[in-house]
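A quick write-up on the structure given underneath.
The values are calculated or read from the model by the stated rules, or taken from the named source; none is laboratory data. Bear in mind the structure is a predicted one, so any value in this text is a computation, not a measurement. Cβ sites come from the backbone with ideal geometry, for glycine too, and all protein chains shown count toward neighbours.
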Amino acid sequence: MNIDLHTHSYYSDGVLSPKEIINKAVNAECQFISLTDHDSLEGLAEAEKSANEFNINFIKGVEISAKHGPYSIHIVGLGINDNNKTLIHGLQQNNQFRINRAKMIGKGLQKVGIENAYKKARSLSKTKYITRTHFAQMIILEGICQNMPSVFKKYMNGNKPGAVKGEWAKSDDVVSWIHSAGGLAILAHPLRYKMTLTKLKKMISDLKEIGLDGIEIVNSFSSPDEIAKSKKIADDYELLYSCGSDFHGWPNQSIELGKIPLYDYGKKFVLNYL
Ligand SMILES: [Zn+2]
Ligand SMILES: [Zn+2]
């Protein structure tokens, strides 16, 4: 059974419309699909409508940026009510920061000779959302870098010219927004935060204290070792398992929607609790 509980449309930093996401899910023979745009609920109605036409199970989702101590992390909300005022208001806060950040990134890149960076990145977005991915894709299109990892390394991370410290909502607020919207709070791609295993476990233990419900244990290219490692962490802290490709659809990315390693999740699979 193909299941993808983590995807992006052009309502955040993906390329496709919500309808096209559902088409992809149908072609990939997914039984369950969730759209989880960054800090945005705008694509959910269109995706749900299209999923109903194709008779595919759709789960309303969102991926929220959060600050946890010094770390910027992503918390996915699954099974949320997209009319919930607390959630909507919370996401507005994050988006205000995202707009300010985009302008600051643009200025930073301008200083190192990337002219009209903000304007060019803006033109790659089909909606009002402008994310770091748009800047990275613009830098690739300009022929300055070849892929996303090299853009982030050279321009966007640490103390590089396009790096802006994330002033996202606090993790405990984010978890409570998701819960007030009736959803489950899932830590996205736990092995991607560039922290030691000890620090990661400490963070997950703290997140569990504030109500985290689960973690993703399978992403697009998870190796059997990585899956085992994430599953062990989930078990140690009594968390549910989730999974998703984190599909965005940019031409230079090899991730495919609905294509993640097959895994027998058993009873603790998040779908059993939605
Ligand atoms: Zn993420
Ligand atoms: Zn994502």
By residue number, the members of the range 97-126 that are over 10 Å from GLY162 (Cβ atoms), of a type in the set (S, T, N, Q) and without any contact (Cβ under 8 Å) to a residue 24 or more places away in the chain are ASN100, ASN116, SER123
Residues located in the range 151-195, provided they are within 16 Å of ligand 1 (Cβ to nearest atom) and on the phi > 0 side of the Ramachandran plot: HIS189, LYS194
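Yes or no, residue by residue, for (1) assigned by TED's automatic domain parsing to the domain that holds ILE255; (2) closer than 26 Å to ILE21 by Cβ; (3) of a type outside the set (Val, Ile, Thr):
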{"site": "PRO70", "(1), (2), (3)": "yes, no, yes"}
{"site": "ILE75", "(1), (2), (3)": "yes, yes, no"}
{"site": "LYS120", "(1), (2), (3)": "no, yes, yes"}
{"site": "THR131", "(1), (2), (3)": "no, yes, no"}
{"site": "MET138", "(1), (2), (3)": "no, yes, yes"}
{"site": "GLU142", "(1), (2), (3)": "no, no, yes"}
{"site": "CYS145", "(1), (2), (3)": "no, no, yes"}
Single unsatisfied condition, GLY106 versus (1) away from ligand 1 (no atom under 16 Å from the Cβ); (2) assigned by TED's automatic domain parsing to the domain that holds LEU191: (2)
So, first residue under 15 Å from GLY249 (Cα atoms) in the range 127-152, second residue surrounded by 22 or more Cβ atoms within 10 Å (Cβ to Cβ) and among the hydroxyl-bearing types (Ser, Thr, Tyr), Cβ within less than 7 Å, six or more apart or across chains; the pairs are THR131/SER12
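Where in the range 108-218 are there helices (runs of 4 or more DSSP H), lying fully within it, with 2 or more residues that are charged (D, E, K, R) and more than 22 Å from ASP246 (Cβ to Cβ)? Give the steps one after another, and end with the answer.
Values: elements: 117-123, 132-141, 148-151, 171-180, 197-209.
So the answer is 117-123, 171-180, 197-209.
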For the range 38-82, name all the residues that are surrounded by 18 or more Cβ atoms within 10 Å (Cβ to Cβ), within 13 Å of ligand 1 (Cβ to nearest atom) and either part of a strand (DSSP E or B) or free of Cβ contacts under 8 Å to residues at least 40 places away in the same chain (or both). HIS38, GLY61, VAL62, GLU63, ILE64, SER65, ALA66, ILE73, HIS74, ILE75, VAL76, GLY77
Selection from the range 1-29 of residues in a strand (DSSP E or B) and away from ligand 1 (no atom under 16 Å from the Cβ) yields ASN2, ILE3
Taking the range 179-207 as the region of interest, how many residues are buried (at least 16 other Cβ atoms within 10 Å of the Cβ), under 28 Å from GLY158 (Cα atoms) and more than 16 Å from ligand 2 (Cβ to nearest atom)? 6
Can you say whether ASP236 is over 19 Å from LYS24 (Cβ atoms), away from ligand 1 (no atom under 15 Å from the Cβ) and exposed (fewer than 12 other Cβ atoms within 10 Å of the Cβ), as far as the supplied structure shows? no
For the range 250-272, state whether one or more residues are charged (D, E, K, R) and part of a helix (DSSP H, G or I). yes
